[in-house]
Amino acid sequence: MKFCSLSSGSSGNCEYIEHNDTKILVDAGLSGKKVESLLDSIDVDIKTIDAIFVTHEHLDHIKGVGILARRHNLKVFANQQTFNRMLPKTKEINSENVFFFENDKSFKFKDIYVEPLSTFHDCVKGTGFTFTDDNNKKVSLLTDTGFVDLNIMEKISNSDLYFLETNHDEDMLLQGSYPWSLKQRILSNRGHLSNVSASNLLNQLVTRKKEIVMLAHLSQDNNLPSLAARTVRESLLNKNINEGTDYILEVAQREIASEIYTL
Ligand SMILES: [Zn+2]
Ligand SMILES: [Zn+2]
């Protein structure tokens, strides 16, 4: 299975996953043109994409979904609540191309097993995903959640690649210029994961099998890529888990494709 982050952060999210001839996007939170050119930058033709899997209805995840689905006849997978909520923004999508999943019910799409996980976020019904191939290689994507429960932990554990939110540094957020209500929303159980919360999770998840850890959905105002990476690196080092030998660390960037990882 192959994984690439095309763009990550509050300004627009889109990830690419491939296994055999199954090619999918998770979210398309940038303009259709931008998604096409990011795919182009990793030599993938948008016309070969099968489907877009949608995590939730916030604009940084769905901005290009409607236009891309219509222009390239892509399938769109979402839970029904999310689909209903995003429809005013994506506009009409050919109903033959719309597929509803239920959170916490796994299914197979072409060559990939999909497991949608219920997240905790200020949207109607947020979703994280695990994608597993027939060689048992597993990718877990978890962003836009203020809280991680036992169900999520169990389902994402033993992944080969973690695409995990490190949205903010708590001090930067608290000292920054956001209004107090917004700070509270971000810090709440229906907000976003901080660098420290993600580090605590990774302490339980990384098993030294050279997992890929990709830090994702960084806030432009309340975080820095170097700070997110350092927080995770130092936290894991405290448990004698070493970057490079035990796991690989990368921070997903805005509108720049990451390395393409082959699992
Ligand atoms: Zn988001
Ligand atoms: Zn969101």
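Readers should treat all values here as calculations from the given coordinates under stated rules, not as data from a laboratory. Please read these numbers as outputs of a predicted model, since none were measured by experiment. Counting neighbours? That spans all protein chains shown, and the Cβs are built from the backbone with ideal geometry, glycine included.
Brief remarks follow.
- Full extension of the chain between LYS209 and ILE248 yields a length gain of 13.1 nm, computed as 0.36 nm times the residue separation minus the alpha carbon distance.
- Selection of trypsin sites (Lys or Arg not before Pro), the range 108-209, meeting DSSP coil and at most 10 other Cβ within 10 Å: LYS209
- The range 2-255 - share of DSSP beta bridges that are antiparallel (%, nearest 5): 45
- Taking 17 Å as the cut-off, the amide N atoms of the range 1-32 that come nearer than this to a point 7 Å along the Cα-to-beta-carbon line of LEU59 belong to 9-14, 28-32.
- For PHE53, distant residues with modelled amide H under 5 Å away: LEU25, VAL26, ASP27, PHE77
- Loop-located GluC sites (Glu not before Pro) in the range 139-229 whose Cβ has at most 13 other Cβ within 10 Å (DSSP): none
- Inter-label distance, nm, simple model (7 Å from Cα along the C-beta direction), ASP104/VAL196: 2.9
- Counting 0.36 nm for each residue step from ASP50 to SER177 and taking away their Cα separation leaves a gain of 41.6 nm.
- Set LYS108/LYS155; LYS125/LYS155; LYS33/LYS125; LYS105/LYS183; LYS105/LYS125 screened for pairs whose C-alpha atoms are more than 23 Å apart: LYS33/LYS125; LYS105/LYS183
- Overall Cα dimensions of the range 140-263, principal axis frame, Å, largest first: 42, 31, 28
- Separation of the GLU96 and ASP111 label points, Cα + 7 Å toward Cβ, nm: 2.6
- With both residues required to sit in the range 99-219, DSSP beta bridges show an antiparallel share near 55%.
- Largest-first ellipsoid semi-axes for the range 87-152, taking √(5λ) over the Cα gyration tensor eigenvalues, angstrom: 22, 20, 9
- Here the extension length gained between ASP134 and ASP122 equals 0.9 nm, from 0.36 nm per residue of separation less the Cα-Cα distance.
- Scanning residues 5 or more positions from GLU211 or on other chains, those with amide H under 5 Å from its amide H are ILE248, with H placed 1.01 Å from N in the peptide plane.
- Pairs of Cα atoms farther than 32 Å apart, the chain, %: 16
- All aspartates and glutamates inside 14 Å of LYS91 as judged from Cα atoms, apart from same-chain residues fewer than 8 positions distant: GLU57
- Estimated 222 nm signal from helices in the chain, with DSSP H stretches of n ≥ 4 weighted -39500 (n - 2.57), rounded to 500: -8000 deg cm²/dmol
- Cα gyration tensor shape for the range 41-163, rounded if a/c is under 1.5, else prolate or oblate: oblate
- Neighbour net charge for LYS125 - beta-carbon separation under 14 angstrom, K R +1, D E -1: -2
- Applying a DSSP loop filter and a limit of 13 other Cβ atoms within 10 Å to the chymotrypsin sites (Phe, Trp or Tyr not before Pro) in the range 89-183 leaves nothing.
- Cross-linked pairs LYS47/LYS210; LYS23/LYS63; LYS2/LYS75: Cα-Cα separations exceed 26 Å for LYS47/LYS210.
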